[in-house]
Structures are given as C-alpha cells and as structure tokens.
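Here is the structure we will look at.
Every number here is computed from the coordinates shown, using simple stated rules; none is lab data. A quick note: this is a predicted structure, and the numbers were derived from the prediction, not measured. Every residue, glycine as well, gets a Cβ built from its backbone with ideal geometry; the counts of neighbours run over all protein chains shown.
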Amino acid sequence: QQQVKQSPQSLIVQKGGISIINCAYENTAFDYFPWYQQFPGKGPALLIAIRPDVSEKKEGRFTISFNKSAKQFSLHIMDSQPGDSATYFCAANYYGGSQGNLIFGKGTKLSVKP
Amino acid sequence: NAGVTQTPKFRILKIGQSMTLQCAQDMNHNYMYWYRQDPGMGLKLIYYSVGAGITDKGEVPNGYNVSRSTTEDFPLRLELAAPSQTSVYFCASKGQGGSYEQYFGPGTRLTVT
C-alpha cells in the first residue's frame, strides 16, 4: 500500500505546550521517513528525518519517534512557539523503478496560540 | 545559490488554454520533481526526472507533460487546461549520492476558470 496516513488534520496548542502529530504506513519497504514544514505561501522544507533502524531522533525541540512493529511514527514539538505555526507533512520514501520517491501524508495545520 | 526557482508565482487560465510552468535549480541536482498540492490532500507527484533526457510519470500525470533537456531546467506543460488542474504546483530537486532530501521551490498558484 503506497499510503501514509497522517493525523490530526489540524491542531491548536498553547505556547509552551507539546505538539504531537502522528503518521502510519503499511508498506514495510519504505526506508526513510522525513517531516516537512511548510509556511503559508512557501514551499515545504525538510525539518527532520529518520531511518527505520532508529527508534528516536531529536533535533532541538523536534523529535521523531518511530515504532517499526506498529508501522507508526510521530513528530513531537516541545515548548511549541507561535513561530512553529505551519503545516507539517510526514512522508515515506519508496522505490518505484530505479529511484526513490516520497509519498506524503495529507498534512497537519498547527496553530500555536500565544 | 538561488536554490529552486519557479515562474510564474500566480496564473489564471481559461479552460482549454495551455501554459508552461518553469522550474530551474542551480544546485547541479540530477533529480527533479513536479508535485501538485490541493487543500487537505498533501502533495501528489506528477512527473519526475532522474537526469537530463530522462523523465517518468508519477501518481497523477494525466493532463501534463514534461521535458528535461538540461540538468538545470524541468518545465511542466499543461495542455487544454481544465478546472481540475486548479492547484498549487511545486517543483523540487534532489542531489545524488544517497541523499534523500528534496529542496522545494516557492510554488506556482494556478487557477483554471
């Protein structure tokens, strides 16, 4: 199954709180799981990524938790700030033919209230 | 480096018209991609290219065509525009050598009426 299911569709968090976005997949051949951040009117930009042989990756306030057996991964934003307000996309890399392409989730719009 | 650039930023087309969305990158990346983004639907791959002269279809190629005559440029052609092609179009590129990161352009917002 070439799908990545992302939830929730939207999320409102108070400043200083923890934002959690979840993604699930079926295809065990996926080999790379990035999160992209997109601000209004801009293109997506890579935020953080993980490979399936690692259970957690942390970069500053952003952490990916990866559960290979459950085929789920999540993005945690600690101490959420108004500047984190954006749309977040999870994705998974698969090989179609000779090269890898990304399958994206449908996105989560995060609003962080001051 | 300018990264990935796209022109135009906005365009309104009438049904049946044609146009070309331009994309260029100055990072000497072999891989280039075209996506469309519809509200609440994420990004869908239209076409991709693994190098000059080589292109292939993605998930939603119908109604579009591409060419890749140089490493830098990857234009997307819409023939006989339809309202269903109203969307935001993003071009992206990726280097080789095991890199997975895709770099996105700022997008083109297209409305077909």
Aspartates and glutamates whose Cα lies under 15 Å from that of A:LYS113, excluding same-chain neighbours fewer than 8 positions away: A:ASP79, A:ASP84
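If you take each beta carbon of peptide A:43-49 and count the beta carbons of other chains within 10 angstrom, what is the mean? Mind showing how you got there, number by number?
On the way: counts 16, 10, 4, 5, 0, 0, 2.
Averaged over the peptide's residues, the number is 5.
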For the protein assembly as shown, rounded, prolate or oblate, judged on the Cα gyration tensor with a ≥ b ≥ c (square roots of eigenvalues), a/c < 1.5 rounded, else prolate if a/b > b/c? prolate
Out of region A:1-90, which chymotrypsin sites (Phe, Trp or Tyr not before Pro) are coil in DSSP terms and have no more than 14 other C-beta atoms within 10 Å? none
PRE reach from B:SER67 (point 7 Å along Cα→Cβ): which of region B:6-32 fall under 18 Å by backbone N? B:7-8, B:18-25, B:32
From the residues A:ILE77, A:TRP35, A:PRO114, which one has its Cα farthest along the dipole of chain A in the positive direction, the dipole being from +1 and -1 charges on Cβ of Lys/Arg and Asp/Glu about the Cα centre? A:PRO114
Along the Cα→Cβ direction, 7 angstrom out, place labels at A:SER10 and A:ARG51. What is the inter-label distance in nm? 3.9 nm
For region A:56-67, just list the computed ³J(HN,Hα) in residue order, Karplus coefficients 6.51, -1.76 and 1.60, θ = phi - 60°, integers in Hz, with x standing in for Gly and Pro. 7, 9, 10, 9, x, 8, 9, 10, 9, 10, 10, 10
Note, ³J(HN,Hα) from phi for region B:52-67, Karplus 6.51, -1.76, 1.60, rounded to Hz, x at Gly and Pro: 4, x, 10, 9, 8, 6, x, 6, 10, x, 5, x, 10, 9, 9, 8
For region A:4-113, what relative contact order do you get, as a whole percent, if you take Cα pairs closer than 8 Å and at least 6 residues apart? 37 percent
